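Trainee: My structure is below; once you've seen it, I'll send some questions.
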Amino acid sequence: RKPAFPGFYQIVQVSEQEVLDFLFALRKAGQGDYLGGFMTKELPTKVAESELEQPSSGGSSSVTSQSLRRDAGRINSVAEIEEVGTVLQVINLTQYPNISGGQVVVMPHKRIRRTKTVSAPSPNVALAAVAVEYLDEPEVDVNDDKVKKLHKEIMAKMQDLLKTSLVYKEQFEQVIRFYDLDHPLKLADLIAGMSLAQREELQAVLTENNLGNRLEKVLAIVEKDLEFARLQSRMKSQAEEKVTKEQRRIMLMAQMNNIMKELGIDKDEKQTLITQFRDAVAEMTLPAEAEKVFEAELTKLATLEPSSSEYNVCRTYLEWITSVPWGIHTEENKDIKRAEGILDEDHYGLEDVKERILEHIAVSFLKGSIQGKIMCLAGPPGVGKTSIGKSIARALDRKFYRFSVGGMHDVSELRGHRRTYVGAMPGKLIQCLKMVGSSNPVILIDEIDKLGRDYRGDPSSAFLEILDPEQNNSFRDHYLDVPVDLSRCLFVCTANVIDHIPGPLLDRMEVIRIAGYVHEEKVAIANQYLIPQTEEMSGIGKESLVMKDEALQKIIGDYAREAGVRQLRKLLEKINRKVALKVVRKKDVEREKTEINLENLASFIGQPPFQSDRLYGSVAPPGVVMGLAWTQMGGATLYIEAIGHGKAGINTAIEFVADKGEDDEDDQAKEEPKRKGGGGGSMKITGQLGEVMSESAAVCLTYSRLFMRELNPDFTYLEDTAIHLNVPEGAVPKDGPSAGVTMATALMSMALHTSIKPDLAMTGELTLSGKVLKVGGIKEKVIAARREGIKTLLLPRQNEADYTELKDYLKTGITAHFCDHYDDVYRLAFDSSLVPQLPFPSRGMSVVTIEAAAVPEVEAPTKQDEGSFSTVVPPTPLPSSPSVSLTGCVV
């Protein structure tokens, strides 16, 4: 802090424990009785800050806080210290009991000058070693009139200083016994040692070797100290005249005001705040209305008393309005290749999302301005919807802010509270702009399909303005009540089910569906992202774990079947934790790589919870048909089971005979009334089906009865039989119209007592006229079918475009038939040699067949692999029927 002067007994606080330990070690070794004390050329930053926060107490040895005043410490280089210092005799070393550091009592003796560096400080040696030479004190000429005059003036000033300042008086009484005031050199060292002058001035006194010049510098120092002491005394006297018990706070304010006046700073707290607010918006571009409100609030603040409650309300409002980044935005990345590299680095697949972001960059580049947009990423959990938002912000070089609206009920969380309420504050969007400091961030609105609604308002209605490009350029927060431009923000919403989003709100979004990952994609994600990340998080590294490909394949196929990769990540983390425990239990010399293979996989993550969704082999029994369903977790397969209870017993079915003899005519006549249909048939539905699916089952029963009569007017089995229709896994709720053709085919299979073709699944809504209508979730359903080894799909004709847009690796080995009418479903689902043929042509549009060749050992898709299915495979012929017109599209 300042140089040590000979003879001025000092207590030095040392906050660095390594320095104190070094001194103790020297003393223990019989060394360290004398040290060299040199002042640093520049005051260290931490020391300067501590002086501003807690000024020095003038050498007091009491420890009043947990933060020590740093009087001395280590340096990084000898070049940081002055050349002239003092030899310090170490009187005592003390370690503080509860905090790091301690104090050193020293007695300075003689001036020294460093000549060279013996050793620099190092991590193991806290102090530097330098070679020094002792400086001789100048000789005192008792007959020198100049010296005598300076000596007397200094003594007179010192006497006045002792009368004026109690601080100087206390120090003087403590050290006077070490000094001879009749000796000019001793007097100069005493005055310099007690002074609060600038450190550079004190170092100049220590360095000066001319007696006359040294005394002149000391006289200048003592005169400054005396003037400062008189100023303090005068301000104290003026303030004490007004002091009363009720005016103590006023006295402190008066002292502060007097100090500011003496320094020429004639500003109070209110004026300082107004200046700060004006400076905050000086470089911003406020809209006209916002600027008008800002000026009105500033004028209002100037007229209010700081003690009033309205003052704090006005001040808080101005703090918020100046924290909004009016007209400030970050420069957007316009390098397409760099953005594409960032997106590929963070996520595998998700081509639709990546392509849309690159399109956004291209539009911004061509228009030369920063654009805003509203996107909605819809898909099952764990597919990377939230994390892709961070990658989008990084690819665009924009700031990122995320907030979740799942379960949000209060509109004020979005639009803010009105200023009339106690504790009012702006909404999330204004808080977002304040936090990121930019008007064009990427704002991720998570779980927008789970918004709540109650008496406090409907947040989805508030989003109608926020997510509307035509309105959000003048968004009004209830708290600020001025228009804020949100049109440059890129809003990215996430949802699991877009059906739960209100229609007007969904209409404002650009929906990008993320269906999930197939087996090959999960393998690539695990190898490129999940395995390295989990190894790093667990601390085991690559050298302790080897994951065999077949083990990873089994984990994905039998343990982590969900659409996303969240469960897969949990399983890999579990394996890494067990490996980490195994590594820690062994000694270093015994460590070896742990190999995860099919034999020991169960010992790490237990038995597989999944085997297959297929309840039957490749061929299902009569009355059982596999359908395809969409769930929030992705696609799934489900079975429709139908069984009949006729008068002849269970599974009574119609047998078709090619030629009948005359002997059978009497029996046929006896059965005629029953075969004509008595109308006693009924249907029971189980499996926890929803209202829509139950209505669909009723439609299927009615149409199946009509279709059976179209095959042969005498076929009345469905009209006379009690039917039980069941969808397995009754604990799982099921609903939706897409199982119509599946239920109708199950009824036909039961009535005809004939199984459908092997490895076949279907989906589609059925009408009373037999039309097959479009359904959703085609990608998820194809993924589920591919997972179960299905080779043939029957899909609605209107879904052809959805299927065509799928990546080639999803369609590998699958033949898809697109049907417009149930006539074609019937011909394609059953073997034509086992069931009767329709006596008329198909009543729908021609069937379209898309067939992709089965490629063995399909690898995970890459950008180079997309579209690689170039082999032309002839379409699978339909059952022979002169009335069927088939158009084959081969991919």
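Trainee: Give the carbon-plus-sulfur fraction of the accessible surface of region 393-438 in %, rounded to a whole number; probe 1.4 Å, heavy atoms of protein chains only. All intermediate terms of the calculation are to be shown ahead of the outcome.
Mentor: Numbers: 1090 of 2160 Å².
The C+S portion of the solvent-accessible surface of region 393-438 is 51 percent.
Trainee: Run the numbers for Arg585 and Lys450: contour at 0.36 nm per residue of separation, minus the present Cα-Cα distance, in nm. Each step should come with its number before you reach the end.
Mentor: Details: separation 135, 0.36 × 135 = 48.60 nm, distance 4.58 nm.
Extra length available between Arg585 and Lys450 comes to 44.0 nm.
Trainee: Given a Förster radius of 56 Å and the C-beta distance between Phe403 and Leu252 as r, what FRET efficiency does 1/(1 + (r/R0)^6) yield to the nearest 0.05?
Mentor: In this case the efficiency is close to 0.80.
Trainee: Separate question: Place the peptides 619-628, 570-579, 127-136 in order of packing, highest mean first, counting for every residue the other Cβ atoms within 10 Å and averaging per peptide. Numbers along the way, then the final one.
Mentor: Values: 619-628: 22.4, 570-579: 18.9, 127-136: 14.5.
Result, highest mean Cβ count within 10 Å first: 619-628, 570-579, 127-136.
Trainee: What are the ³J(HN,Hα) values, in whole Hz, obtained from phi via the Karplus relation 6.51 cos²θ - 1.76 cosθ + 1.60 with θ = phi - 60°, for each residue of region 805-817 in sequence order, with x given for Gly and Pro?
Mentor: 6, 5, 5, 4, 5, 6, 9, 4, x, 10, 9, 10, 10
Trainee: What does the extension gain come out to for Lys334 and Lys149, with contour length at 0.36 nm per residue minus their alpha carbon separation?
Mentor: 58.8 nm
Trainee: Read phi for every residue in region 334-350 and hand back ³J(HN,Hα) as whole Hz from Karplus 6.51 cos²θ - 1.76 cosθ + 1.60, θ = phi - 60°, with x for Gly and Pro.
Mentor: Whole-Hz 3J(HN,Hα) from phi for region 334-350: 10, 8, 4, 5, 5, 5, 5, x, 5, 5, 5, 5, 8, 9, 9, x, 6.
Trainee: Using R₀ = 60 Å, calculate the FRET efficiency as 1/(1 + (r/R₀)^6) where r is the Cβ-Cβ separation of Val422 and Ile91; round to 0.05. Write out the running numbers ahead of the final one.
Mentor: On the way: r = 61 Å, r/R0 = 1.01.
Calculated value: 0.50.
Trainee: Then there's this: In nm, to one decimal, how far is the Val511 label point from the Lys110 one, both placed 7 Å along Cα→Cβ?
Mentor: 9.3
Trainee: Distance cut-off 31 Å, Cα to Cα: go down the list Lys522/Lys593; Lys373/Lys734; Lys757/Lys807; Lys337/Lys373; Lys110/Lys146; Lys554/Lys791 and report the pairs above it.
Mentor: On the way: Lys522/Lys593 24 Å; Lys373/Lys734 36 Å; Lys757/Lys807 26 Å; Lys337/Lys373 21 Å; Lys110/Lys146 25 Å; Lys554/Lys791 22 Å.
With Cα atoms farther than 31 Å apart: Lys373/Lys734.
Trainee: Let me ask something else about it. Could you calculate the contour length gain from Arg709 to Val363, that is, 0.36 nm times the residue separation minus the distance between their Cα atoms, to one decimal place in nm?
Mentor: Going from the current span to full extension adds 118.5 nm.
Trainee: While we're looking at this one, here's another question. Could I have the simple spin-label model distance between Glu283 and Asp831, label points 7 Å from Cα toward Cβ, reported in nm to one decimal?
Mentor: Placing both labels 7 Å along Cα→Cβ, they lie 8.2 nm apart.
Trainee: HN-Hα J couplings of region 77-93 from phi, Karplus 6.51/-1.76/1.60, θ = phi - 60°, integer Hz, Gly and Pro as x?
Mentor: In residue order, the calculated couplings are 8, 5, 5, 7, 10, 6, 7, 9, x, 9, 6, 10, 8, 7, 8, 7, 10 Hz.
Trainee: For region 714-865, which whole percent of the accessible surface, found with a 1.4 angstrom probe, sits on carbon and sulfur atoms? Mind dumping the intermediate values first?
Mentor: Numbers: 2860 of 5270 Å².
Taking all protein chains in place, region 714-865 shows 54 percent carbon and sulfur surface.
Trainee: A follow-up question, please. Stokes-Einstein diffusion coefficient for region 310-401 at 25 °C in a medium of 0.890 mPa s, Rh from the Kirkwood formula over Cα pairs: what value in µm²/s?
Mentor: Working: Rh = 15.3 Å.
Approximately 160 µm²/s, per Stokes-Einstein.
Trainee: Which value, in Å², gives the accessible area per residue of region 294-452 when a 1.4 Å probe is used on the protein heavy atoms?
Mentor: 42
Trainee: Now for a different question. Please report the net charge: other residues with Cβ closer than 12 Å to the Cβ of Arg476, K and R +1, D and E -1. Don't skip to the answer; put the middle values down first.
Mentor: On the way: positive: Arg415, Arg418; negative: Glu289, Glu465, Asp477, Asp481, Asp485.
Around Arg476, the surrounding residues sum to -3.
The values are calculated or read from the model by the stated rules, or taken from the named source; none is laboratory data. Quick caveat: nothing in here was measured; it's all calculated off a predicted structure. Methodologically, a virtual Cβ is constructed for each residue, glycine included, from the backbone with ideal geometry; neighbour enumeration extends over all protein chains shown. The area values use the complete protein model at the heavy-atom level, side chains included, leaving out ligands, DNA and RNA. Shrake-Rupley method; radii C 1.70, N 1.55, O 1.52, S 1.80 Å.
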